[in-house]
Amino acid sequence: LLNSSYRTLKRRLVLLSSRQGGTMNVFDRNMKRRQKKWASSLQEHNKYDYLRDEVGSRVADRIYDIARTFPLALDVGCGKSHIAEHLSKVGLPLFCVSQRQKKESEMPTHCVMADEEFLPFRENTFDLVVSSLSMHWINDLPGALRQIHQVLKPDGVFIGAMVGGETLYELRCSLQLAELEREGGFSPHISPYTAVTDLGNLLGQAGFNMLTVDVDEIQVHYPGMLDVMCDLQGMGESNCVWNRKSLLHRDTILAAAAVYKEMYGNEDGSVPATFEILYMIGWKPHESQVKPAKRGSATASFADLSKISQSEASIKTDNP
């Protein structure tokens, strides 16, 4: 029930922003930049890239599924080139928008240090825009999608992946229950994420057509809840909601860890952390694209399907 109410709040904020054309200032973007900078300064920062590398490879697979070439592409929030390292170096010059230094890859890339919420490119520039695990920290998601649509050429495609609303539900529930029991109330320690039911509407309102939205779950097993929180910090994925609580009491953390292990623990003593990943594909309209048939142009009725099934059944009965 607590999880559901929290997701409903985020959903209402996103829908209100898209309907009114305003920006809901949910996340402290300066705090998020500091978190990512701290994470990238860690001596073993690469060991926390496992989730981004996995999702980046799955986004790259979706690019390969499209039987065409892309003369010029853009990676929004490329991070350390988690998508580019899974793509062939043949063709596809890639521009990367990021707030931190990327990894070296075989792809011919040009890195632009910029904010994902403000794309510094002209209209109708790119044939392909991709994004992996960066858009869930954007305040104005409808506006960001409109900007992506704007910089795409007609018949260009956007392929993205972002964290969905069911992500880290185990950690969220455990912290909420522990805080309710120890402190008599709870505050958001896990950032709210977009629900899959809203994503198609947001893409459509941004101007995309021929939409594809699918969901995948990646479950990672850790020794305990504290290890989950440590890895989230190492990823630069700590909470940055404006109304976040500044600290957690020690006894609340210990209680939450016990709740986590009791409710979700595995037989071997480990605990799971679930990441819901939303994948989206949208095309910028072009006259050459296949269009749906006009309403009322069908030459057969669905009511006739039952007659066909009945006739086939009678044929089988007559000819055993």
**Study point:** Exceeding the 32 Å Cα-Cα cut-off - candidates K245/K284; K37/K284; K32/K291; K47/K261; K153/K245
**Key:** K245/K284; K37/K284; K32/K291; K153/K245
Revision key, fill the gap. Dimensionless Rg/Rh of region 197-290, both radii on Cα and Rh by Kirkwood, sits at 1.16
Revision key, fill the gap. Residue span L211 to S246: 0.36 nm per residue of separation minus Cα-Cα distance leaves a gain in nm of 8.6 nm
Review point. Which value, in Å² rounded to 10, gives the accessible area of M210 with a 1.4 Å probe and all protein chains present?
Key: 80
Review point. What are the ³J(HN,Hα) values, in whole Hz, obtained from phi via the Karplus relation 6.51 cos²θ - 1.76 cosθ + 1.60 with θ = phi - 60°, for each residue of region 265-281 in sequence order, with x given for Gly and Pro?
Key: x, 8, 5, 7, x, 7, 10, x, 10, 9, 10, 8, 10, 9, 9, 9, 9
**Study point:** Residues whose placed amide H lies under 5 Å from that of C111, excluding near-sequence neighbours
**Key:** C96
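Report the extension gain between R34 and M113 in nm, rounded to one decimal, defined as 0.36 nm multiplied by the number of residues separating them, less their alpha carbon distance.
27.0 nm
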Review point. W283: accessible area at probe 1.4 Å, nearest 10 Å²?
Key: 40
Revision key, fill the gap. Using a 1.4 Å probe on heavy atoms of the protein chains only, the accessible area for I63 in Å², nearest 10, reads 10
Exercise for review: Quick one: which residues, 5+ away or cross-chain, put their amide H under 5 Å from the amide H of T125? H built at 1.01 Å from N.
Suggested key: L152, K153
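Largest first, how would Y193, Y50 line up by accessible area (1.4 Å probe)? Show your work: numbers first, answer last.
Details: Y193 20, Y50 75 Å².
Descending accessible area places them as Y50, Y193.
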Practice item. Quick one: order D227, D53 from most to least accessible surface, probe 1.4 Å. Key: D227, D53
Check your understanding: Karplus couplings for region 231-237 from phi (6.51 cos²θ - 1.76 cosθ + 1.60, θ = phi - 60°), rounded to Hz, Gly and Pro as x?
Key -> 5, 4, 5, x, 7, x, 10
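The values are calculated or read from the model by the stated rules, or taken from the named source; none is laboratory data. Predicted model only: the values in this text are computed from it and were never measured. Remember, those area values only see protein heavy atoms, side chains included, never the ligands or the DNA or RNA. Shrake-Rupley method; radii C 1.70, N 1.55, O 1.52, S 1.80 Å.
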